[in-house]
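See structure below.
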Amino acid sequence: MKQKLDIYKIEISPLTKKKPENPDYVERFEFFMNGWEMANAYSELNDPIDQRERFKAQEELLAAGDEEANTTDEDFLNALEIGMAPTGGIGYGIDRMVMLLTDSPAIRDVLLFPTMKSQKD
């Protein structure tokens, strides 16, 4: 088991805390096992001013046509302003664990819902 130590730019992780030593990058990593990406993990941003600025930048990208950009989440910002505690997260799906256990080469091979599989398979 190993952890991939890539450096992630702030622009691709709008909900992630900045690295204290270099604010152009964020506190995030991806976990790889058997050569496959198994999970994403990061420290969640808990600064409401910084988060509002990032949501604003995302809204501008959305207005310019970026379909992957986020909208502003006022409820989330309100929680941050009230004093949401520092948090972190790791995303590890059962589908990726099944891939590992069954030695499946692609995630689409283990999806439970056939409508999510490509029609070309």
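Just so you know, all these numbers are worked out from the coordinates, no wet-lab data involved. Quick caveat, the model's predicted, so the values are computed rather than measured. As a convention, Cβ positions derive from the backbone with ideal geometry for all residues, glycine included, and neighbour counts pool all protein chains shown.
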### Task
As a check on your grasp of the helix formula, calculate [θ] at 222 nm for the chain: sum -39500 (n - 2.57) over DSSP H runs of n ≥ 4, divide by the residue count, round to the nearest 500.
-8500 deg cm²/dmol
### Task
Report the equivalent ellipsoid semi-axes for the chain in whole Å, largest first, defined as the square roots of five times the eigenvalues of the gyration tensor built from alpha carbon atoms.
31, 19, 14
### Query
If you put +1 on each Lys and Arg Cβ and -1 on each Asp and Glu Cβ, how big is the dipole of the chain around its Cα centre, in Debye rounded to 20?
500 debye
### Message
Skipping prolines and chain starts, which residues have an amide H placed within reach, meaning under 5 Å, of the one on Lys19, given they are 5 or more residues away or on another chain?
### Response
Tyr25, Val26, Glu27
## Note on the structure
Whole-Å distance linking the alpha carbon centroid of region 74-88 with that of region 11-66 is 16 Å
### Query
Dipole of the chain (Lys/Arg Cβ +1, Asp/Glu Cβ -1, origin at the Cα centre): which of Ala64, Asn34, Gly83 lies farthest to the positive side?
Asn34
### Message
Quick check on packing: order 80-88, 20-28, 49-57 by the mean number of other C-beta atoms within 10 Å, highest mean leading.
### Response
49-57, 20-28, 80-88
